Amino acid sequence: MNFDTRPCPRLLFGPGRLAELPECVRALGASKPLIITDPGIVAAGHVERAATLLGNAGLRPDVFEESQVNPTESDVAECRDFAARVRPDLIIGLGGGSSLDTAKGCNFLLSHPDKRMSDFHGYGHATAPMLPFIAVPTTAGTGSECQSYTVLARDGTHEKMACGDPKALARIALLDPELTASQPEFVATLAALDALSHAIESAVSTKHNPVSSAYSRQAFKLLSDSIESLLTGTPSDCDRAQLLLGAAMAGSAIENSMLGAAHATANPLTARYNLPHGLAVWTMLPHVVRFNMGCRDAAAKYGDLSHHLGQSLPDWIDHVLALANLPPAEVPPDVIPQLVADAFGQWTGRFNPRPLTPEVLTSLYESALTAPVS
Ligand SMILES: [Fe+2]
């Protein structure tokens, strides 16, 4: 066995800990933070609260509130232009995965004025020091707060592009479950489903190792224990806290392992048909898990994850899907050849436990788009 681990940010976890944001900024030697967020987070009141906390502590925050859903290279360049004008000494990403990814992307561009995001495609291409970054997630979903990658859409094609570097990892992830109470119900559902898919896919990736497996297992336990109450509309404060921590730990699982076929096949559905990420992933996940059961190691890992559930992982996934009552993916089956071509080029698919040939991808899309699991 060969593996190499990557660090986790310092985690500050607990209800009400947003109040410690000023101390976090000072601990990193900064005094002029830039908050990168989106209008929904402004409307929820979180930005004003964070800015007031910082201002009361004698810090001078600026706010960029125009982060876009599924941010593109241009969206990040716009954020960089704003940051270049206000010249922060620290970046705070406050919001869901899109705000955190915009913040990370901005940090890449701000630190490398002569480069474009595509120059960082892949891992480890940052050559200059980057600003310290604090991630404050308001959704329990992507786990971006624990990852050194930003996932952006290419201008024009909207193809997903992952840009990572150890310097882009948050120094601190401030996990305050009270911030997640403002999520719209559908957003919270898709975010939690995405986090669950991260625990499941990272557990069986060809890059899994004892460290990533520990993160995957713990993330899956936290998420599976609490998601049903979210899907039935009655999450307690404890459930919200478990979902937020589970999503962050699933982010660390990805950081130390990889994803697989559900994300490789979902990304083209988002790029071409604008399906929300969580919906796209769960359109594919039941079919991918059943396909991967044909690999003995993956089947054992799925069994390891699900032993406390009292049913097999594929059956439990069907149960969760029934509770989630997601809208069907509106994608005509005749575009499957194009989707297969797109998915075949997805880097993340290379880490699926069973190889993804065009024939396999065709079969996965056919089963997902012509006979969706209900
Ligand atoms: Fe995801």
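The values are calculated or read from the model by the stated rules, or taken from the named source; none is laboratory data. If you're wondering where the values come from, they're calculated on a predicted model, not measured in any experiment. So basically every Cβ, Gly included, is an ideal-geometry build from the backbone, and we count neighbours across all protein chains shown. Heads up: the accessible areas ignore ligands, DNA and RNA and are worked out on the full protein's heavy atoms, side chains in. Shrake-Rupley method; radii C 1.70, N 1.55, O 1.52, S 1.80 Å.
For the chain, the membrane-span-like helix rule (DSSP H, alpha carbon extent of at least 27 Å along the helix axis, mean Kyte-Doolittle at least 0.5) picks out 185-204; this says nothing about an actual membrane. Peptides 257-270, 169-182 ranked from most to least packed give 257-270, 169-182, packing being the mean of other C-beta atoms within 10 angstrom over each peptide's residues. When the residues Asp89, Asp297, Asp237 are ordered by accessible surface, computed with a 1.4 Å probe over the protein chains alone, the sequence from largest down reads Asp237, Asp297, Asp89. Charged side chains reduced to their Cβ positions (Lys and Arg at +1, Asp and Glu at -1) give the chain a dipole of some 960 debye around its Cα centre. Residue ranking by accessible heavy-atom surface, 1.4 Å probe, largest first, among Tyr273, Tyr302 comes out as Tyr273, Tyr302.
Per residue, the accessible area of the range 104-166 comes to 34 Å², computed with a 1.4 Å probe over protein heavy atoms only. Looking at the square roots a ≥ b ≥ c of the eigenvalues of the Cα gyration tensor of the range 10-179, which shape do they give, rounded for a/c under 1.5, prolate if a/b is larger than b/c, or oblate? Judged from the Cα gyration tensor, the range 10-179 comes out prolate (a/c at least 1.5, a/b above b/c). A 1.4 Å probe over all protein chains sorts Lys115, Lys207 by accessible area into Lys207, Lys115, starting with the largest. Computed on the range 184-370, the Cα convex hull volume stands at 103 Å³ per residue. Give me P(r) over the range 38-127, computed from all C-alpha to C-alpha distances, binned every 10 Å, as integer percentages. For the range 38-127, the binned pair fractions read 16, 48, 28, 8 percent. Near Ile227, within a Cβ-to-Cβ distance under 15 Å, what is the net charge of the other residues, with Lys and Arg +1 and Asp and Glu -1? Taking every other residue near Ile227 into account, the sum is -4. Here Lys221 sits with roughly 80 square angstrom of accessible surface, probe radius 1.4 Å. Element breakdown for the chain at a 1.4 angstrom probe: carbon and sulfur atoms account for 52% of the accessible area. The residues of the range 260-358 expose, per residue, 42 Å² of accessible area to a 1.4 Å probe. With only Cα atoms counted, the chain has Rg and Dmax values of 19.6, 60 Å. In a DSSP loop and with at most 15 other Cβ atoms within 10 Å, there are no trypsin sites (Lys or Arg not before Pro) in the range 24-107. Cysteine residues of the chain whose C-beta has no other cysteine C-beta under 4.7 angstrom: Cys8, Cys24, Cys146, Cys163, Cys238, Cys295.
Measuring with a 1.4 angstrom probe and ignoring ligands and nucleic acids, Asp342 comes out at about 40 Å² accessible.
Within the range 272-374, none of the trypsin sites (Lys or Arg not before Pro) combine a DSSP coil assignment with at most 13 other C-beta atoms in a 10 angstrom radius.
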